[in-house]
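Colleague: First the structure, then my questions, so here it is.
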Amino acid sequence: MSELYKSIMTGLQEAIDDANGVGQKLPRRKVVIEPVKQYNAEEIRVIRKKTGLSQRLFAAYLGVSSKTVEAWESGINCPSGPASRMISMIESDSTFVEKYPFVVQG
């Protein structure tokens, strides 16, 4: 048998043993995903103002329309999914917009 074959078979056997609870040689880590935060109109407005961006630029930064940001800030709609996740990242790091400048002000 070739060395490559032996290595592959050894790796497969280790994976099988690990899956069956024998030896557990493979490293493990626990990952917990926090639920997406729900933002109200005032929270969105405060976060946007902290970035120093207008509604139009904030919308462009998030990849949504300016009408969408207007609706969020007036309480008509709330951000969800990827937009909420992005807003939570902006909220938790006051330099986020500077670190990741997707929008260039001219």
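Colleague: Of everything in region 59-74, what is farther than 15 Å from residue 42 by Cα and not β-branched (Val, Ile, Thr)? Give them in sequence order.
Modeller: 59, 60, 61, 62, 63, 65, 66, 67
Colleague: Next question, about the same structure. Please work out which residue is surrounded by the fewest Cβ atoms within 10 Å (Cβ to Cβ), limiting yourself to region 1-57 and to residues that are on the phi > 0 side of the Ramachandran plot and small (Gly, Ala, Ser).
Modeller: This residue is 21.
Colleague: List the helices (runs of 4 or more DSSP H) that sit entirely inside region 61-106 and contain at least 3 residues that are buried (at least 16 other Cβ atoms within 10 Å of the Cβ). Before you say what the answer is, go through the steps one by one.
Modeller: On the way: elements: 66-74, 81-92, 96-99.
Helices (runs of 4 or more DSSP H) meeting the threshold: 66-74, 81-92.
This table checks each residue for (1) over 16 Å from residue 89 (Cα atoms); (2) among the small types (Gly, Ala, Ser).
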{"residue": "3", "(1), (2)": "yes, no"}
{"residue": "24", "(1), (2)": "yes, no"}
{"residue": "33", "(1), (2)": "no, no"}
{"residue": "54", "(1), (2)": "yes, yes"}
{"residue": "61", "(1), (2)": "no, no"}
{"residue": "72", "(1), (2)": "yes, no"}
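Colleague: Okay, next question. Taking only pairs six or more apart or across chains, which ones have beta-carbon atoms under 8 Å, a first residue in region 27-55 that is part of a loop (DSSP other than H, G, I, E, B), and a second residue that is among the basic types (Lys, Arg)?
Modeller: 36/85
No value in this document is a laboratory result; all are computed from the given coordinates. None of these values were measured; they are calculated from a predicted model. Ideal geometry is used to build each Cβ from the backbone, glycine not excepted, and the neighbour counts take in all protein chains shown.
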